[in-house]
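Step one of this worksheet: look at the structure below.
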Amino acid sequence: MFKSAEQRRACFWKLNNRFSVSNSAIIDGSNRLSVAMLSKLVTDPDKISAIMNDDGWIACDKYDGMRTFAVINNDRVEMFNPRHEPENYSFKFADISKDLLEKYRDRQPAILDGEVRCVVNGRDDVHAVIGMLNTDDPEKLDADQKVHPPQYVLFDIIEIDDNDVSKHPLEERLGILEDSLGKNTKNVMFGECVYEDKNDFVDNIMREEKEGVVFKDLSSGYEFGGRSGSWVKYKKHDDDTFVVYGLERGSGKNSDKMGSLLIGEYKDGMFIERGKVGTGFTDEERRRIWEKYGSQAGDKIILPEGKRFGIDVRFMETDSRGGLRHPRAEKIREDISVSDGSEMSKRYVHNDSVVKKPEHVDIMLVGNKYNVKFRGVEKDIDPSSLNHDIDSRLRKKMLDGTRLNEYDLNEVTMMSIMDAFDEE
C-alpha cells in the first residue's frame, strides 16, 4: 500500500492515460481486447432450472461495476473498459494497480478480465465508480476512495507468461487465475463462483437484492464479443404500475411515432421520476399514443395532470439513483386516471395547490453540495436537507457537471429545493 495520498499521486497521477500496451494486447495477430466475452440474458425459468441442475455449469455473482481488462506488461499495469475507446485508467485505481503488479510481476505479460466495483450502503454502485473515473481532482479521488474503496474482482484470464489461454476451457482458466492470483487482498480478489448448491446461491442473491447471477459453461473457451450462451445472466424481475407524465418522439423508423414514455410515481405527496420506457410496444401502440397525446409541436411532450395515465412496467430493479433498470412496457393502462379518485389511482393523488414554481433558478452539484442561485442570491445546500429520492435524481442528472434550471426540474423537486434554500 502507498504510505500517503501524496505518494500515490506522485507515482501514478502523472502516468500517460492513453492505451499503449502493444504486444500483450495482440493475440493471434489481431487486437481483440476491444470486446469482452458477454453474457446472454435468459428469463425462461425452465432453462435456468436446467442450468442450475447441470454439473457442467457454475454460478457466479453478477457485479454492478465497470467491466475492466487489466494488462500487466513491462512492469506496468494498464486498465481499461473493453466497450469504450481504450483509455488507460489504472492511475485512478493506484492501490489496485500496485497489487496487480506485485502479484503478476513474474508472470508477465498477463491479461485479466474482471469488474471494478464500489460498495455503497451494502450494494454495488456503478455511479461511484463512474464518478472516480470522471474526476480530474486527485484530492477528491482520494477522499471518495477512502469512503468507498474500489475493488477489482477477477473472473477470467486471457493471457499469462506470454501464453494465450483464451481457448482453454473455463474450468482450466479459473484454475490458472486462482493459482496466479494467490491470496486475496482488500483491493484485488477472485470472483465468487459456486459449483454445487447453485439453487441456494441464487436464492441468496435474489433475497439480498443484488445485481443478479451469471451462469458459465465450464467447457467454454473465451469468446471475444460473443453472446453464444456459454455465459448466461439471470436477473430478478419486478413489476409495478407507474404514471405516464410525458412522451418522446422516436427516431429512425419510429420518427413519426412515439419512441418512449416518461414515467414516474407519486410517493408521500411527491412526484418521483423513474426514467423512461421505450421497449415492449407494438408499432400500432406507438402510432396511436403519439397521435393521441403527441399532437403538440416538439419531440418531447409533458402531459398535464388531467391527461396522465398508467402503465404496467416490468423491470430488473431500481438503481441507487432511483431509476428503473432495463424497463419494459407490459400494458398501457389508459383505464387508470391519475385524478379520478378510484382505489387504484389513490397512490397518484397530488395536490397541485401546494406546488409553486419560482422564477429562474440555477443549480449545480459542487463537491457534495448543491450550489443554487436564485433571485440574485447564491447558496450551497446540503443534500441531507432534501428528500432522498430527490437527491438521488438530481445527482444522476448532474454526474457530468450539468447545470440545471427550472425547466429541467419537476414542480415538486423545485419546491423542495426552494424550501431548503430558504432554510439556509
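Among the residues of the stretch 133-151, those identified as open to solvent by 50 Å² or more (accessible area, probe 1.4 Å) and among the acidic types (Asp, Glu) are ASP136, ASP137, GLU139.
Within the stretch 119-153, count every residue that is of a type in the set (Phe, Trp, Tyr) and free of Cβ contacts under 8 Å to residues at least 24 places away in the same chain. Looking only at that region, the number is 0.
Checking each residue in the stretch 179-205 for being open to solvent by 70 Å² or more (accessible area, probe 1.4 Å), closer than 18 Å to ASP99 by Cβ and part of a loop (DSSP other than H, G, I, E, B) picks out LYS183, ASN184, LYS186. Taking the criterion of being farther than 27 Å from LEU394 by Cα, open to solvent by 90 Å² or more (accessible area, probe 1.4 Å) and not in a loop (DSSP other than H, G, I, E, B), the residues of the stretch 288-312 that qualify are GLU291, LYS292.
In summary, SER97 fulfils each of the numbered conditions (1) modelled with pLDDT under 95; (2) touching a helix residue (DSSP H, G or I) at 6+ places or on another chain (Cβ under 6 Å); (3) over 25 Å from TYR234 (Cα atoms) with the single exception of condition (1). Among the residues of the stretch 264-287, those that are over 19 Å from PRO327 (Cβ atoms) and either part of a strand (DSSP E or B) or small (Gly, Ala, Ser) (or both) comprise GLY269, MET270.
The single condition among (1) of a type in the set (Gly, Ala, Ser); (2) modelled with pLDDT of 90 or more; (3) loosely packed, with under 14 Cβ neighbours inside 10 Å that ALA70 does not meet is (3). Here LEU261 clears all of (1) in a strand (DSSP E or B); (2) at pLDDT below 85; (3) of a type in the set (A, V, I, L, M, F, W, C) except the condition numbered (2). GLU115: touching a residue at least 24 places away in the same chain (Cβ under 8 Å), in contact with a Phe, Trp or Tyr (Cβ under 6 Å, 6 or more places away or on another chain) and charged (D, E, K, R), yes or no? So GLU115 passes the test. Does any residue of the stretch 395-403 turn out to be touching an Asp or Glu at 6+ places or on another chain (Cβ under 6 Å), basic (Lys, Arg) and either at pLDDT 75 or above or open to solvent by 80 Å² or more (accessible area, probe 1.4 Å) (or both)? Checked against the condition, which is being touching an Asp or Glu at 6+ places or on another chain (Cβ under 6 Å), basic (Lys, Arg) and either at pLDDT 75 or above or open to solvent by 80 Å² or more (accessible area, probe 1.4 Å) (or both), the stretch 395-403 yields no hits at all. Look at (1) closer than 30 Å to TRP290 by Cβ; (2) buried (at least 19 other Cβ atoms within 10 Å of the Cβ); (3) in contact (Cβ under 8 Å) with a residue 60 or more places away in the chain and you find that SER260 fails only one, number (3). Looking across the stretch 80-113, the residues that are assigned to a loop (DSSP other than H, G, I, E, B) and of a type in the set (Lys, Arg) come down to ARG83, ARG105, ARG107. Residue count for the stretch 52-79 satisfying the condition of being under 24 Å from ARG325 (Cα atoms) and either aromatic (Phe, Trp, Tyr) or not in a loop (DSSP other than H, G, I, E, B) (or both): 7. Inside the stretch 115-140, residues that are farther than 18 Å from ALA70 by Cα, assigned to a loop (DSSP other than H, G, I, E, B) and either under 15 Å from the mean Cα position of the chain (by Cα) or polar (S, T, N, Q) (or both) make up a count of 3.
Residue-by-condition table, conditions (1) surrounded by 14 or more Cβ atoms within 10 Å (Cβ to Cβ); (2) more than 18 Å from ILE51 (Cβ to Cβ):
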{"position": "ARG207", "(1), (2)": "no, yes"}
{"position": "ASP217", "(1), (2)": "yes, no"}
{"position": "LYS233", "(1), (2)": "yes, no"}
{"position": "THR241", "(1), (2)": "yes, yes"}
{"position": "VAL244", "(1), (2)": "yes, yes"}
{"position": "LEU247", "(1), (2)": "yes, yes"}
{"position": "SER251", "(1), (2)": "no, yes"}
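If you filter the stretch 324-337 down to residues that are at pLDDT 75 or above and closer than 15 Å to TYR245 by Cα, you find that the one that is surrounded by the most Cβ atoms within 10 Å (Cβ to Cβ) is ALA329.
The values are calculated or read from the model by the stated rules, or taken from the named source; none is laboratory data. Since the model is a prediction, treat every value here as computed from it, not as a measurement. Note that we place each Cβ from the backbone using ideal geometry, even for glycine, and neighbour counts take in every protein chain shown. We work out accessible area using only protein heavy atoms, side chains counted, and drop any ligands, DNA or RNA first. Shrake-Rupley method; radii C 1.70, N 1.55, O 1.52, S 1.80 Å.
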